[in-house]
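As structure tokens, the structure follows; a few thoughts come after it.
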Amino acid sequence: MMIMPGLVINGQWKTKNAFADEKDGKFKRDDSAFRDTIDENSEFKPESGRYHLYVSLACPWAHRTLIFRRLKDLESHIDVSVVHPHMLDDGWTFDTNFDGATGDLIYKHDFLYQIYTKAKLDYSGKVTVPVLWDKKTKTIVNNESSEIIRIFNTAFNNLTGNDDNYYPGDLKSEIDEINERVYNTVNNGVYKAGFATNQEAYDKPVKELFDSLQWLESILSDGREYICGDKLTEADIRLLPTLLRFDAVYHTHFKCNIDMIVDFKFLQDYMVRLYEEDFVKPTVDMAHIKNHYYKSHPTLNPNGIISAGPDLNWL
């Protein structure tokens with residue numbers, strides 16, 4: 001989930017800088033609020049056209065759901081609304097004055113927080129993407145990206161006929177182990193470094209981040225095609241959105257600047273190879289990515305100036 005500069009309290013939007021804890025300067029990420037699933041035994045049955053996905057093209061957490069939607073042939077079954085890339089005092093908005101921003105295709109709301117309060121009138125908490133919405137019961141099924149991709153992996157197989165499994169039984173323990181480290185030190189590690197408000201809170205996560213990038217580089221250096229061997233898995237799709245944003249955003253904007261991904265031979269080759277796949281390339285929008293990060297964090301970039309570089313020759 002992408003962190004917001006505000007939150008809802010008892011159904012009312014409140015502007016607040018919510019990036020770092022005031023006491024220790026460390027970035028904190030709250031747990032997601034809606035954690036239901038979709039299956040034949042749940043209130044939420046797997047039905048074509050019933051569910052809707054709210055995303056930001058800038059957000060790495062939302063990005064993984066868009067990739068899974070393509071991997072599992074769900075485009076014709078689950079439609080998508082895309083928020084505006086700028087996330088300012090009102091949080092994510094449905095403004096359409098940016099190429100690729102669709103507005104709210106269901107309810108024509110102005111702000112994403114209205115989707116949360118529609119699901120729960122007295123909702124209190126962060127307003128994040130992605131959001132998996134149920135049109136039938138008019139509520140949020142799930143807003144935790146790691147669980148949404150698990151839903152997409154299996155829940156709609158009978159509808160699509162696509163039985164590809166990106167979390168296979170024989171690799172679950174390896175995937176879980178890799179996911180744990182990648183989440184804590186890479187996916188979330190860039191945020192821990194970027195939103196730290198004192199030196200100590202920055203030094204530890206930035207070191208852990210680059211230790212983990214070197215660890216991933218060593219995994220790929222043995223000739224394996226993917227993180228878990230010769231098969232594309234959930235571990236790859238959880239890592240990839242962070243890699244795709246790294247040199248353009250995290251290196252400069254979040255001070256993750258010990259090295260760039262282009263400096264890691266095997267990681268760079270792996271990232272570019274996956275980017276070229278038809279389940280990834282159409283989901284990448286660097287204009288949304290750069291506009292979001294450089295414009296939406298005034299504490300980090302007060303003038304909202306978008307970095308001109310680097311030259312990403314793989315785009």
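Listing for the model above:
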read-out: Checking residue 147 against (1) farther than 16 Å from residue 79 by Cα; (2) touching a helix residue (DSSP H, G or I) at 6+ places or on another chain (Cβ under 7 Å); (3) of a type outside the set (Phe, Trp, Tyr), the condition it does not meet; value: (2)
read-out: Cβ pairs under 6 Å, 6+ apart, first in the range 246-260 and without any contact (Cβ under 8 Å) to a residue 60 or more places away in the chain and over 17 Å from residue 211 (Cβ atoms), second part of a loop (DSSP other than H, G, I, E, B) and not aromatic (Phe, Trp, Tyr); value: 252/307
read-out: Residue match in the range 202-224 (condition: among the charged types (D, E, K, R), under 23 Å from residue 100 (Cα atoms), in contact with a helix residue (DSSP H, G or I) (Cβ under 9 Å, 6 or more places away or on another chain) and assigned to a helix (DSSP H, G or I)); value: no
read-out: Candidates 53, 66 - the one that is at pLDDT 95 or above, surrounded by 17 or more Cβ atoms within 10 Å (Cβ to Cβ) and either part of a helix (DSSP H, G or I) or of a type in the set (Val, Ile, Thr) (or both); value: 66
read-out: Check on residue 211, within 21 Å of residue 257 (Cβ to Cβ), without any contact (Cβ under 8 Å) to a residue 24 or more places away in the chain and not aliphatic (A, V, I, L, M); value: no
read-out: Candidate set: the range 174-210, residues that are closer than 30 Å to residue 230 by Cβ and touching a Gly at 6+ places or on another chain (Cβ under 7 Å); chosen: the one surrounded by the most Cβ atoms within 10 Å (Cβ to Cβ); value: 209
read-out: Residue satisfying condition, being over 30 Å from residue 256 (Cβ atoms), in contact (Cβ under 8 Å) with a residue 12 or more places away in the chain and outside any helix (DSSP H, G or I), within set 140, 151; value: 140
read-out: Residue match in the range 278-301 (condition: loosely packed, with under 13 Cβ neighbours inside 10 Å and hydrophobic (A, V, I, L, M, F, W, C)); value: no
read-out: Considering residues of the range 82-102 that are outside any loop (DSSP other than H, G, I, E, B) and more than 15 Å from the chain's Cα centre (by Cα) only, the residue surrounded by the fewest Cβ atoms within 10 Å (Cβ to Cβ); value: 88
read-out: Residue that is farthest from residue 238 (Cα to Cα), among those in the range 18-48 that are at pLDDT 95 or above and touching a strand residue (DSSP E or B) at 6+ places or on another chain (Cβ under 8 Å); value: 44
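The values are calculated or read from the model by the stated rules, or taken from the named source; none is laboratory data. Bear in mind that the values here come from a model prediction, so they are computed numbers and not experimental data. Because the Cβ atoms are built from the backbone with ideal geometry, glycine has one as well, and the counts that use them run over all protein chains shown.
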